[in-house]
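Working notes, beginning with the structure itself.
The values are calculated or read from the model by the stated rules, or taken from the named source; none is laboratory data. Everything numeric here is computed off the predicted structure, so don't read it as measured data. Cβ atoms come from the backbone with ideal geometry, glycine included; neighbour counts cover every protein chain shown.
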């Protein structure tokens, strides 16, 4: 699932392509909203909220989307061929006079009143890359269940929004604890929140392969800190990476 930095980059691309322009073509290819007519409405802004995307339109409307595992928004020039996947995977078409944004394989796509956005994002904790970031609230949320392992606690978007599987492993590495350590046993747990914020900010301008990662995806390779082989295992259905030498705590 995309991390908060990926969703931020997507929002920035969509905003640059669409904001301030009226829609010359608008199609929502999902049964519930297939008859919605957004043509002629001006896109006001596209903003991220955790892993959610909110495309706000004039008239008090918001198009809410979530990429989950396989979704993507692609932006093309006016005469450029769409190449993000076969036509049957297209869930949304938003076009201005110069740019077209295509939503592929979007598992979540819904049109709602802007005043009702809290219905779809109100459950989220503070956004690590958003203007609402509040480390004290994030820490309080995390410590509400002290027996919960670090990995699942970090992935729970109700605690803090924006961390996915990549930065779950990276944050645990940064605080030298395994992802299975109960959060209540972590010395100075505020370091967890600080590390998560620092890692996402450091990579916010380095999407995808340009990210600077220490352990994620490096199973069997030397730990950059101590040289021991990085290990990988499943944690609640997701691959997890850690160094068994310099990260303390329970192992899988």
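General observations
Per-residue answers, yes or no, for (1) in a loop (DSSP other than H, G, I, E, B); (2) buried (at least 16 other Cβ atoms within 10 Å of the Cβ); (3) without any contact (Cβ under 8 Å) to a residue 24 or more places away in the chain; (4) on the phi > 0 side of the Ramachandran plot:
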| residue | (1), (2), (3), (4) |
| --- | --- |
| 75 | no, yes, no, no |
| 79 | yes, no, yes, no |
| 82 | yes, no, yes, no |
| 147 | yes, no, no, no |
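- As for the stretch 1-18, it holds at least one residue that is in a helix (DSSP H, G or I), farther than 13 Å from residue 100 by Cα and free of Cβ contacts under 8 Å to residues at least 40 places away in the same chain.
- Being surrounded by 17 or more Cβ atoms within 10 Å (Cβ to Cβ), in a strand (DSSP E or B) and within 19 Å of the chain's Cα centre (by Cα) is a property that residue 125 lacks.
- Test: residue in the stretch 188-203 that is in contact with a strand residue (DSSP E or B) (Cβ under 6 Å, 6 or more places away or on another chain), in the same structural domain as residue 167 (by TED's automatic domain parsing) and outside any helix (DSSP H, G or I): no
- Every test in (1) in contact with a helix residue (DSSP H, G or I) (Cβ under 9 Å, 6 or more places away or on another chain); (2) closer than 18 Å to residue 155 by Cβ; (3) loosely packed, with under 14 Cβ neighbours inside 10 Å is passed by residue 206 save one, and that test is (2).
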